[in-house]
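Note sheet for the following structure.
The values are calculated or read from the model by the stated rules, or taken from the named source; none is laboratory data. Computed from a predicted structure; not experimentally measured. Ideal geometry is used to build each Cβ from the backbone, glycine not excepted, and the neighbour counts take in all protein chains shown.
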C-alpha cells in the first residue's frame, strides 16, 4: 500500500508545517510527501532531511497548480493521495481508518473525515453544490442561515455522499483521480475543491466519513484580506461561468439526491 500526500506552503512558519508533517509520518504505511513551496524564497528546503519528503520550489501558479505538480509525480507509484492544508493535523488512526474504508468501498473516489476546530468544535464542511446565492449573498450577509447549504440537518454523525467536500483534507483514490483529472489550474485559490469534488462525484462516490477526524485551524484568509477576497470572487465567477449560474440542471439534481439521502438517514435514526 503506497500513500502519497502533497502540501502547498506559502511563507508558513516551520512550527505549523512540522505539525502536519509529523501527523502524516506517524502512520505505518509506505509514505511519500511532496512539499510544494510557493514562498518568496526557498528557505524551507533545509527544514527536513527525511528522504520520504520531496521538496519542490516553484513559481506560485496557484493552490491547485501546486498540488498538480505533486499529482503528476505520484500518479504511477501511489494507491491513495492526500491533499493537505498547512493548518491541519490529525491523530495516528485517521489515515489507517480512511484506508480501510476505501479498501472496502471501491466505488468511492474521494473521502473526507470529520473536520474539527482545535478546541473540538465541529466545522460544517460538507456542502451542497453552491448557487450564486450561497456564495455571494451569504458571504456578505453573514447573519443569513447556512443550515441547508452546509447540510447541518444530517447531524454529521453518519456516512453521507456529499457533492462538495472541503479542500483542507481530501483523501483520493489515485485510480479514480487519473480518470477525473487533477485540479483545474484556472482557479488560483478558492473553489478548486468545489470543482474537483463535483467532477469526482459525477463518476465516483464522494463521501463524508465521520468515524475519523482531522483538526483544522481554518484561517479564512478571504475574510481578512482585500486581495484574498478579490481572488475568491474571481474564482467564484469562473466556477459559475464553467458550470452554470442560475440554470444548472445537474446541480439541482445532485443537490436533491443529497438532501433526500439525508432525510432518509434522519428518519431512519429517529425510528431506532
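Observations on the structure shown:
- Residues (more than 13 Å from the chain's Cα centre (by Cα), assigned to a strand (DSSP E or B) and under 19 Å from residue 26 (Cβ atoms)) located in region 89-128: 89, 116
- Residues in region 140-176 that are part of a helix (DSSP H, G or I) and in contact with a helix residue (DSSP H, G or I) (Cβ under 7 Å, 6 or more places away or on another chain): 3 in all.
- Number of positions in region 157-204 that are surrounded by fewer than 19 Cβ atoms within 10 Å (Cβ to Cβ), free of Cβ contacts under 8 Å to residues at least 60 places away in the same chain and touching a strand residue (DSSP E or B) at 6+ places or on another chain (Cβ under 7 Å): 2
- Here residue 147 fits the description: free of Cβ contacts under 8 Å to residues at least 12 places away in the same chain, more than 23 Å from residue 78 (Cβ to Cβ) and surrounded by fewer than 22 Cβ atoms within 10 Å (Cβ to Cβ).
- Residue 85 within 24 Å of residue 218 (Cα to Cα) and either within 20 Å of the chain's Cα centre (by Cα) or without any contact (Cβ under 8 Å) to a residue 60 or more places away in the chain (or both): yes
- Selection status of residue 214, crowded, with 20+ Cβ neighbours inside 10 Å and either closer than 18 Å to residue 128 by Cβ or at pLDDT below 95 (or both): no
- Residue 21 satisfies every condition listed in (1) more than 19 Å from the chain's Cα centre (by Cα); (2) closer than 13 Å to residue 85 by Cα except (1).
- Residue in region 247-267 that is in a loop (DSSP other than H, G, I, E, B) and over 21 Å from residue 148 (Cα atoms) present: no
- Odd one out for residue 135, checked against (1) in a loop (DSSP other than H, G, I, E, B); (2) in contact with a helix residue (DSSP H, G or I) (Cβ under 8 Å, 6 or more places away or on another chain); (3) surrounded by 15 or more Cβ atoms within 10 Å (Cβ to Cβ): (1)
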